[in-house]
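Undergrad: Take a look at this one; I'll ask things after.
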Amino acid sequence: MSQGLTPVPVATGCQLPDGYRIERGTADQAAAMHALITTNLDAGHLLPRSLDDLARHASRFLVLMAGDALIGCAELASLSGTVAEVRSLVIDAGHRGKRLGPALIEALGSTARREQFGTLCAFTHEPTHFVRLGFTIVPHTWLPEKIATDCYTCPKFRVCGQYAVALPLRGTAVGSMTASRTSRRAAQPHGSDTSVLVLHR
């Protein structure tokens, strides 16, 4: 089972447009997150989430606010003591095209680094968005924590069509040129310690 994350102050490395802010999710926002995720299941290739599940894990989410309206969210889920995953990333259709998604991913990366995770990963049908932020496409088998935690019980196991992307967090910042350069020139992983996983396609 995924471990809970200690709520921490949220900082973003990407400048948000005026009127937007990123904050830690709360159980009171579970209904708004549920509505946003459910509305975008097909368009975002998202997995369905129950309202109860979102309420229980609300503090693992960062939410994107426009005034009082919740218009985006993403979860930082712990797969192990060293690997965290971006889940349920979605931006309301009326607010896309403003680099809000990258800002949300950068905020998740900052939070993951403060929580001392070594690797940030995601499973996505559109890896380009993550590659632009320094992530690298990797074989699914390089993330055994994800396979053991979720994939074996998923009805789409082995036929999901998703790409695995990952970024080593030590010495890099999500979205930075340092992250991109490190990702491109990285070598094979060293042993089985995923906290020092160096990734390449």
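Undergrad: Between A43 and A27, with labels modelled 7 Å along Cα→Cβ, what's the label distance in nm to one decimal, could you check?
TA: Those two pseudo-labels are separated by 3.1 nm.
Undergrad: Along Cα→Cβ, 7 Å out, is where each label goes; now give me the distance between the ones at R170 and H125 in nm to one decimal.
TA: My value for the distance between the label points is 3.6 nm.
Undergrad: Would you please calculate the Kirkwood hydrodynamic radius of the range 60-105 over all C-alpha pairs and express it in Å, rounded to one decimal?
TA: One decimal place: 11.3 Å for the Kirkwood radius.
Undergrad: For the pair Q116/I147, report the inter-label distance in nm, with labels modelled 7 Å from Cα in the Cβ direction.
TA: Distance between label points: 2.8 nm.
Undergrad: Next up: What is the calculated FRET efficiency for L51 to H95, with r their C-beta to C-beta distance and R₀ = 22 Å, to the nearest 0.05?
TA: Rounded to the nearest 0.05, the efficiency is 0.45.
Undergrad: Rank-order 116-125, 97-106 by packing density, defined as the average count of other C-beta atoms within 10 Å over each peptide's residues, highest first.
TA: Averaged packing, sorted descending, gives the order 116-125, 97-106.
Each reported figure results from applying straightforward, stated rules to the coordinates on display, with no laboratory input. Here the structure is a predicted model, which means the values were calculated and not measured. Backbone-built Cβ (ideal geometry, glycine too); neighbour counts: all protein chains shown.
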